[in-house]
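Take a look at the structure set out below.
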Amino acid sequence: MPDTTQSGLSENAAAAVSYITIVPAIVFLAMPPYNQSPTIRFHSWQSIFLNVAAIGFWVVFTIVRLIVAMAIFLPFVFMLLSLVCWLGWFVLWLYCVMNAMNGKRVSLPIIGALAAKQAGV
């Protein structure tokens with residue numbers, strides 16, 4: 001049975017909730033007893049880095065789209081590529097949430113190593 005915090009939220013549930021947006025991840029890193037759990041700290045940091053990477057990707061993608069989209073049919077290609085990227089990001093996010101909910105620590109390439117370093121695990 002997973003440990004429960006004083007609020008009754010299990011460690012696995014808190015780890016999964018940290019992926020919802022960047023806000024709960026930051027709250028869990030700042031608020032005891034959540035910030036004392038290595039698992040919750042890891043998932044919170046990984047969520048933050050995943051969201052920052054997604055934002056950075058979309059900024060670069062949008063700039064490239066605006067520069068290159070002048071050619072014929074490229075707006076359609078970028079629309080399709082955007083849909084595929086969003087779907088891929090959603091699947092990756094859902095994979096992280098489900099593994100956190102099941103008590104598994106899945107370390108994403110590059111992001112996972114940074115999260116583990118920040119979480120001290």
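We did not get these values from a lab; they are worked out from the coordinates using the rules stated. Remember, predicted model here, so these are calculated numbers, not experimental data. Cβ: placed from backbone, ideal geometry, glycine included. Neighbour counts: every protein chain shown.
With 0.36 nm allotted per residue and the present C-alpha distance subtracted, the Ala54-Val27 stretch has 7.7 nm of extension available.
For the chain, the longest principal axis of the alpha carbon atoms and the long axis of helix 38-68 meet at an angle near 10°. All other residues whose Cβ lies under 14 angstrom from that of Gln46 are scored, Lys and Arg at +1 and Asp and Glu at -1, for a net of +4. Computed over every Cα-Cα pair of region 11-119 and binned at 5 Å starting from 0, the pair-distance distribution P(r) comes out as 2, 13, 20, 21, 13, 9, 8, 6, 4, 2, 0, 0 percent. Label positions at Ser10 and Leu83, each projected 7 Å from the Cα along the C-beta direction, are separated by 3.8 nm.
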